[in-house]
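Each remark here refers to the structure printed beneath this line.
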Amino acid sequence: MTRMKSTLDTNSDDFRANDAAYRAKNAELHELRLQQRIGGPQKARDRHIKKGKMLPRERVERLVDPGTPFLELGELAGLDKYDGVPPGAGIITGIGMIEGRHCMIIANDATVKGGTYFGMTCKKHVRAQKIAWNNRLPVVTLVDSGGAFLPEQANIFPDEGQFGSIFHQQVGMSGDGVPQIAVVMGPCTAGGAYIPALCDEVVIVRGQGFMYLGGPELTFAATGEKVDAENLGGGKMHSSVSGVTDHLAEDDAHALAITREIVSHLGELPKTRKTPATPTPPAYPTDEIHGIVSRDIKVPTDNREVLARLLDDSEFHEFKPLFGDTLMTGWGRIHGHEVGILANTGVLFVEAALKATHFISLCVQREIPLLFLADVNGFMVGREVEQAGIAKAGAKMITAMSSARVPKFTVITGGSYGAGYLAMLGRPFQPDAMFAWPSGRSAIMGPDQAASVLAQVRVQINAREGTEWTPEEEEAFKAPIRKEYEDFQGAYNYASNLWIDSVIEPGETRDVMALMLDVASRRPKVETKFGVFRF
Amino acid sequence: MEKTNIKTLLIANRGEIACRIARTARAMGITPIGVHSQADANARHVREIGRSILIGAGPASESYLKIDAVLDAAKKVGADAIHPGYGFLSENPEFANAVEAAGMIFVGPTGETLDRFGDKASAKEAAIAADVPVVSGVAGAKSDPDEIAREVKSMGLPVLLKAVGGGGGRGQRLVENQATLMEDIEGALREAKSTFGSEGLLLERFLPKARHVEIQIAGDGTGDVVHLFERDCTLQRRHQKVIEEAPAWGLPRDLLDQIAADAVKLGKSLNYRGLGTVEFLVTGGEYFFLEVNPRLQVEHPVTEAITGLDLVALHLRIAAGQGLGLHQSDITCTGHAIEARLYAEDPANQFAPSTGQITHLHLPDDIRVDSGVDQGDSVSPFYDPMIAKLIVHADDRDSALAQLGAALDHTSVAGVETNRAFLAALVRDTDFAKMQVHTRWIDTRLDALISAPGDADALLWRALAAVLFVTRDRDEQHSNPWKNRATFTGWRLGLGGDPGEAGQRVMLEPAGGEQIEMRVGPIGPDSQFTVYDPDETALHLRAAQIAPDHWQVTHAGEVRIIETNTAGDKIEIIAPSGRHLFQAAPPLAFAAAGGAAERTLTSPLTGLIVKVLAREGDAINEGDTVAILESMKLEISIKATASGIATNISVSEGAMVDRGQVIAEIAAIESEEPNE
């Protein structure tokens, strides 16, 4: 392996200015995360605690093995989407270790609008299940939810990917042998009752967890039957009469203790199929990435310098370094895990796309996971490249990338635009996990380009109509378009819509990837069937 | 005296002294055989001696104090001698006589000597007769309260009232105030009668700032008596010795020689046989006879240390009629020795004995330790709760004190409370270092000694224990990031901001301390940890593993290399300055152990109630049968699923019940708070 050489001048003004700008971005991220970590309003949290319940984050902390990591996913989902709902959409999802086993933990936050499901809550729950399913992780759901947030009906009820998909996936996962455990720590009414009911084992907390298709009020309204909550769907009733629940707990701590015991009896732990090397830090401090990422989007970032700060010992075995040099491809390790890297160093040309295709097929052949570091304005345009068949070359890259069934991950480090976003393992191609740095941004095209393209269309119409724009009129036309694209392209908008799983700091990238790579290394191999490559 | 050889020695004692005597016996080619009560069937002295005879039930009065049982045991094993150790039957003349009457050797003085020294008045008379100075007082015992009051008034306060049959400091009462005089006298008389069965009180001038100095003597029973120098046992609490040392530091040698000469004189006057200790009070150049302890003393190891003699061997030699085998001039005093008595007792709770299983025990291995228990043994309520004696011997007193302090720091006990920290505070006390102490000094300083901060680093060790717990089973260089300690312990996304309540909680119980919940905050770069106590006070430390079970701990600019010993949830930190033991539990452990049980009892089948055993309001325990149901040709016991009070018993005998029908409920007992 070859150690990458850095020519970075950490004493330059440019470095310092970049660094300061990036740290401000990180601070903004921390601020947002803190909001979601706190959860609902103080009053709601106090009320929750007063009932003798643990806050959802405390439940998670106490469920996982002491000292082990908890890799949270979708923490900024729903950011600024719903009034009075902090980022996170009222649900916590993430991977944690329970009794030495990786599990997907899904926990409702009852302090946020009673833990009800908004559109984004459904999507986040479904997404967490999907990650669990892909990686064969047992799912532990800590249910404490008032059910659907009714005014959100359109975004939670009728469609695929909404609330009903939770059940559909539960059944599908179960069929694939993925264990599912529910802990009923609050009310589960109507549809909500099916989440635990479809699980393998259910724990319920006495006097606190309730499960019924219709609550006491609805039952009375529908049939005239008067019955209290305890007899209708209380823990004691369900554990001793209906058999809907399997374990009766006295409080949250007890329920979590039972849950840990359940997980300890899920059979033998899956073994890793990979033998990682001894982890080593990069030869250059990861922290320096802050000073490398360009603060001015017009000035490209030197992604070679970035990569040197992400790989173990900065060692990178580059593939085809002299061919298609607007895309770096090669192998390195992150915390000892071997990974195939595709990182942009410019616009995608025919050669770059062909190189990517070649490289991806090698990684598939060798069962090496893929990591796409996306910072690309798109594919090259123009007569020369069209005549060289860039559409064909791009299609090859997309076919290889889309077909590959090795674990594959995306991190948007800079601007990722247009077909470039898609070719660099965009969300539609179902990466195992997708992250963006605070500097990450993505759209069909950049704000300036969008404004220019639309202005040009307008200019053509104007020409047909025989009118002309003053420069001021043109700017007045462009400005709102630019603003719209700027708002759209930000990492937080992507996180809010769950188009990415998380916004992570550059400094967290190695850690997040290491945890994900380890999880992925324990799942069974899936054969790749490539689609047709056009030659 | 007839010379003989002891072949088989019955040790009529238990604990450390039984083990101690057996060691020497074995070295002398004598077969030691022990005795034990039912409570001691698995005790260390039984295990160590290797053969032991059951002599009765747990209470000492039904075993170790039963003369017949001990004699029967001795006869059964064909013992030719009995060593009584200390306490129990060691000073009982009736026992000594019975042993000799049975044709065996009593390792100790004659019954006559024991008789004389068992009574304070006659002991004092013996001293006066031998021209040994005694504390001024009224000759003979008095039992008339008015007469005592008159005498006390004429002597002037303070005066010490001593029960005639008392000893070892028990049965003493100090009168300091005229107002309470009659009350004190009557109380002392009552106590003398109830505790010692004696009517009389001795009246003595009280010496307020005296030191306790005692002379170890040995006599061959024919008039040859030597002394083995003195011991200073001034540090006492309620007349119980806490720390003993030899020689008596800071007193002029000529004074000590004079005291020793008097002790020998007293011994010679009685043709003293065996080992004995003549106790004196010393104040301002004067000394006064107190009493004689006619037996092997708890604190004999300090004398062994400075003289290089084996006192048990000497004792056995004398008993075998082989004489002292040494002259006074052979006996020398080298260096300084100190002994501390480690007890299972709770200093914070008036030194009440602390019973239960010793779940963890580490005693120093570089000094002499006489111990009667091992890890896993229990401290029973029947006997003296001593765990061990720690004995150090150094060139001078300062070094010995330092050694003892370090030894106490390197002692760790869990499962029972101990006086370890109290002893450590004592040996580091500056007044004690200068020997500016007296027999009641501990009482005057008790609060300060108990609340002594002890280890200034206590908070650090606690924080470190929390860190070690959350990082256990984790690996510094592990390629599995989920197990990697260096980078991933407590890892969470977004720890750059205010971590809020992030972090791992762990319940910690320091040995001899209160359970506390600590929070280990997110790990920082380079093994930096922040640990929060329940008050959210943060402590920053760096804990880097340098080898398996070895850590470099950095805190406040100071580096310490420590060793750890972890087994399950037990974490022991072995620092250069001492050992620190913690029991850790993840916060859910307690929940898993005791989920509240079902409190409604229902019939498991349709059938006939043939018996109802619990009555309304009965306190019942989990597992008790509440009713018996006959169904499907079976008698089925309906058992209590929880402990509590039986209520709402809704069936009676002969009643038919349906499956699921409520039989009774068990109400929780309202207050289970300790009576405080």
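Yes or no: B:Thr355 assigned by TED's automatic domain parsing to the domain that holds B:Thr234 and loosely packed, with under 14 Cβ neighbours inside 10 Å? So B:Thr355 does not fit the description; no. Considering (1) over 23 Å from B:Ala320 (Cα atoms); (2) of a type in the set (A, V, I, L, M, F, W, C); (3) touching a Leu at 6+ places or on another chain (Cβ under 8 Å), the lone condition that B:Val46 does not fulfil carries the number (3).
When A:Val227, A:Val244 are screened for being within 28 Å of A:Lys123 (Cα to Cα) and either away from chain B (no Cβ under 14 Å) or out of contact with any Cys (no Cβ under 6 Å at 6 or more places or on another chain) (or both), only A:Val244 passes.
Right, A:Ser264: surrounded by 15 or more Cβ atoms within 10 Å (Cβ to Cβ), within 12 Å of another protein chain (Cβ to nearest Cβ), polar (S, T, N, Q) and touching a residue at least 24 places away in the same chain (Cβ under 8 Å) or not? I'd like the intermediate steps shown before the answer.
Details: surrounded by 15 or more Cβ atoms within 10 Å (Cβ to Cβ): no; within 12 Å of another protein chain (Cβ to nearest Cβ): yes; polar (S, T, N, Q): yes; touching a residue at least 24 places away in the same chain (Cβ under 8 Å): yes.
Here the answer is no, as A:Ser264 does not meet what is asked.
Flag set for A:His48, criterion: more than 22 Å from A:His102 (Cα to Cα) and crowded, with 20+ Cβ neighbours inside 10 Å. Residues that are at the interface with chain A (Cβ under 7 Å from one of its Cβ atoms) and modelled with pLDDT under 80 were ranked within region B:470-492; the one that is nearest to B:Leu408 (Cα to Cα) is B:Arg474.
Across region B:305-363, what is the total count of residues that are aliphatic (A, V, I, L, M) and assigned to a loop (DSSP other than H, G, I, E, B)?
Looking only at region B:305-363, we keep the residues that are aliphatic (A, V, I, L, M), and these are B:305-306, B:309, B:311-314, B:316, B:318-320, B:324, B:326, B:331, B:337-338, B:340, B:342, B:344, B:348, B:352, B:358, B:361, B:363.
Narrowing the set further to residues that are assigned to a loop (DSSP other than H, G, I, E, B) leaves B:309, B:320, B:324, B:326, B:331, B:344, B:358, B:363.
Summing the residues that are aliphatic (A, V, I, L, M) and assigned to a loop (DSSP other than H, G, I, E, B) in region B:305-363 gives 8.
The helices (runs of 4 or more DSSP H) found entirely in region A:1-79 that carry 1 or more residues being facing another protein chain (nearest Cβ under 10 Å) and touching a residue at least 40 places away in the same chain (Cβ under 8 Å) are A:13-38, A:56-63.
Scanning region B:630-650 for residues that are over 11 Å from B:Arg599 (Cα atoms), modelled with pLDDT of 85 or more and among the small types (Gly, Ala, Ser) yields a count of 2.
Checking A:Ala451, A:Ala393 one by one, the residue that is without any contact (Cβ under 8 Å) to a residue 60 or more places away in the chain, within 30 Å of A:Ser361 (Cα to Cα) and touching a helix residue (DSSP H, G or I) at 6+ places or on another chain (Cβ under 6 Å) is A:Ala393 and no other.
Can we say A:Glu473 is more than 30 Å from A:Thr410 (Cα to Cα) and acidic (Asp, Glu)? The answer is yes for A:Glu473.
For region A:190-236, filtering for residues that are touching a helix residue (DSSP H, G or I) at 6+ places or on another chain (Cβ under 8 Å), surrounded by 18 or more Cβ atoms within 10 Å (Cβ to Cβ) and not in a helix (DSSP H, G or I) leaves 14. Give the residue that is nearest to B:Ser399 (Cα to Cα), with candidates limited to residues of region B:233-278 that are of a type in the set (D, E, K, R) and surrounded by 20 or more Cβ atoms within 10 Å (Cβ to Cβ). Filtering region B:233-278 for residues that are of a type in the set (D, E, K, R) and surrounded by 20 or more Cβ atoms within 10 Å (Cβ to Cβ), the one nearest to B:Ser399 (Cα to Cα) comes out as B:Glu245. Within the set A:Ile106, A:Ile95, the sole residue that is touching a residue at least 40 places away in the same chain (Cβ under 8 Å) and not in a helix (DSSP H, G or I) turns out to be A:Ile95. Take A:Tyr485 and tell me if it is within 14 Å of chain B (Cβ to nearest Cβ) and among the aromatic types (Phe, Trp, Tyr). It is false that A:Tyr485 is within 14 Å of chain B (Cβ to nearest Cβ) and among the aromatic types (Phe, Trp, Tyr).
Whether any residue in region A:120-133 is at pLDDT below 95 and surrounded by fewer than 23 Cβ atoms within 10 Å (Cβ to Cβ) is what I want to check. There is no residue in region A:120-133 that is at pLDDT below 95 and surrounded by fewer than 23 Cβ atoms within 10 Å (Cβ to Cβ).
A quick yes/no check of all residues on (1) within 12 Å of chain A (Cβ to nearest Cβ); (2) at pLDDT below 85; (3) closer than 29 Å to A:Ala253 by Cα; (4) surrounded by 18 or more Cβ atoms within 10 Å (Cβ to Cβ):
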{"site": "B:Val520", "(1), (2), (3), (4)": "yes, no, yes, yes"}
{"site": "B:His550", "(1), (2), (3), (4)": "no, no, no, no"}
{"site": "B:Ala556", "(1), (2), (3), (4)": "no, no, no, no"}
{"site": "B:Val559", "(1), (2), (3), (4)": "no, no, no, no"}
{"site": "B:Ala567", "(1), (2), (3), (4)": "no, yes, yes, no"}
{"site": "B:Phe590", "(1), (2), (3), (4)": "yes, yes, yes, no"}
{"site": "B:Val612", "(1), (2), (3), (4)": "no, no, no, yes"}
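Residue count for region B:219-270 satisfying the condition of being over 19 Å from B:Gly335 (Cβ atoms), basic (Lys, Arg) and either over 33 Å from the mean Cα position of the chain (by Cα) or at pLDDT 95 or above (or both): 2. Scan region A:179-198 and tell me whether some residue there is among the polar types (S, T, N, Q) and under 24 Å from A:Leu137 (Cβ atoms). Within region A:179-198, one or more residues are among the polar types (S, T, N, Q) and under 24 Å from A:Leu137 (Cβ atoms).
The values are calculated or read from the model by the stated rules, or taken from the named source; none is laboratory data. Since the structure is predicted, the reported quantities are computational estimates derived from the model, not experimental observations. Note that we place each Cβ from the backbone using ideal geometry, even for glycine, and neighbour counts take in every protein chain shown.
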